1. Please give me the summed charge of the neighbours of A304: other residues whose Cβ is under 12 Å from its Cβ, Lys and Arg +1, Asp and Glu -1.
2. Only bridges with both residues in the chain count here: give the DSSP antiparallel percent, nearest 5.
3. Can you list, bin by bin at 10 Å, the percent of alpha carbon pairs in the range 71-154, starting at 0?
4. If we sort 8-21, 216-229, 183-196 on the protection proxy, mean other Cβ atoms within 10 Å, highest first, what's the order?
5. Please report, largest first and rounded to whole Å, the three semi-axes of the ellipsoid equivalent to the range 155-270, where each semi-axis is the square root of five times an eigenvalue of the C-alpha gyration tensor.
6. At what distance in angstrom do the alpha carbon centres of the range 261-318 and the range 98-158 lie from each other?
7. Considering the Cα positions of the range 8-47, please state its Rg to one decimal place and its Dmax as a whole number of Å.
8. Restricting the count to DSSP beta bridges whose residues both fall in the range 51-190, what percent are antiparallel, rounded to a multiple of 5?
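What follows is calculated from the coordinates using simple rules that are stated; it is not laboratory data. Just so it is clear, the structure is predicted and the values come from calculations on it, not from any experiment. Cβ: placed from backbone, ideal geometry, glycine included. Neighbour counts: every protein chain shown.
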Amino acid sequence: MILHLDKNTDPAIKNRLAKKLEAVVIEKPTEILMATPSKYKEVPEEFEKYIEKAQVFDTDMQLSSRHYKSETREIDMAGTLIGGNTKKTLVIIGPCSVESEEQMELTAQLIKKLGLKMMRAGSFKPRTSPYTFQGMGLEGLKLLAKIREKYGIPFITEVRDNSHVDMVIEYTDAIQIGAKSMYDHSILRKCGKTNKPVLLKRGFGTTIQEFVQASEFILSEGNENVILCERGIRTFETKSRFTLDLCGVAWLKQYSNLPIVLDPSHAMGYAFGVPDLTRACMAMGVDGLLIEVHPEPAKARSDASQQLNHAGFEELFTTLKPIAKAIGRELI
Ligand code: PEP
Ligand code: MN
C-alpha cells in the first residue's frame, strides 16, 4: 500500500503507523508517503482518520507503477526534459569507455554536429574479467567534466561499486547503474539519496518484476528521477550477445510510470546488427536510446565489436528521423 498523509501529521502517530505496517516513510515537500509491503491491503481502523489516500497494490511494484502515478514521470536530463507529455526520444551516444581526451573531443564534436544533447562514456567499467581494461577512474571523470565545460554537453557515466558512488554522483549529470550492479543495494540506496537522474539497467538474468523492484530501492529513498534501461537478457541464443526483450518493454510501457531507454548496442554485441535493432527500438516509442559510438571501434579498449564508427552512426541517425515522425515523437 502507498499511504498519503498530511505533511503536519503528528510524528508519534506517523511512527506508530509506520511500525505497525512495516512501512518505508518518504518525506515529500507537500505530503508524507508511506510505502508498506504490498501484502497489506487495509489501513488499521484507528489510523483511518490520518490517511488522505490509500493505494493498494498486487505486488511490490508500487512507486514505479501507473497505479501510483498514471502519467509517465517527466525527468530533467541536465536541461532536457524527457517522459511526461514531451514525446521526446533522447539519443545518447558515446564510447563504451573514456580512453583519451582526443577520443572524447571527437565524440563531443559529433554530438554537436548532429545537435544531440547528451554523451555517454564509462570511467569505472564493470568488466567480466579482472585482466581487461577497468576504466580510467577519477581521471576519466575529470576528463568528461572538461569536455562538458568546453562543449556544453552533459554526460551520463556509470557507477561500478560502492567505493566511488559519491565521486560519480559529484561529477556526472546522470548516473548509470550497470546491468551487473542492478542488485547492488548500496549503490541503489545511495542513488536514491540524490536527485540526479538515475538510469537503471536491467540485469541480464532478471525478470521484469525484479527489475522494477530494484528501481523501488531508489524511489523509496526519495529520488523521483529513475529511468529504466532494457539492454538485453540472457537466453539460450548465442548468436547475439544477449536478447533484447522488447516484449518486456511493451509491458513496462503499460504498467510502469518510469521513462524507458533502450540500449541496442549491448544487446546485439556486434556493430553489424546495431542499426537495424536501433530502428526497431525507435519504433517502440521509448524515451531514449543509448548507443555506443567510437571514433575508431577497432581500437576501443572495451566492447570493441559492438561500437559504431561516426560515419555509421550518422547514417543510422538519418534513418531514425522518419521513424520518429511516423510515431509522433521527436528525436533530441
Ligand atoms: C555499458 O553501458 O558500457 C555497460 C557496461 O553496460 P551493461 O551494464 O548493460 O553491460
Ligand atoms: Mn559497453
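1. That works out to -2.
2. Around 40 percent of the beta bridges assigned by DSSP in the chain are antiparallel ones.
3. Here the calculated profile for the range 71-154 is 17, 41, 29, 12, 1.
4. In decreasing order of mean packing, 8-21, 216-229, 183-196 become 216-229, 183-196, 8-21.
5. Semi-axes, largest first: 23, 16, 12 Å.
6. 16 Å
7. Every Cα atom of the range 8-47 included, Rg and Dmax give 10.1, 27 Å.
8. Within the range 51-190, antiparallel bridges account for around 30 percent of the total.
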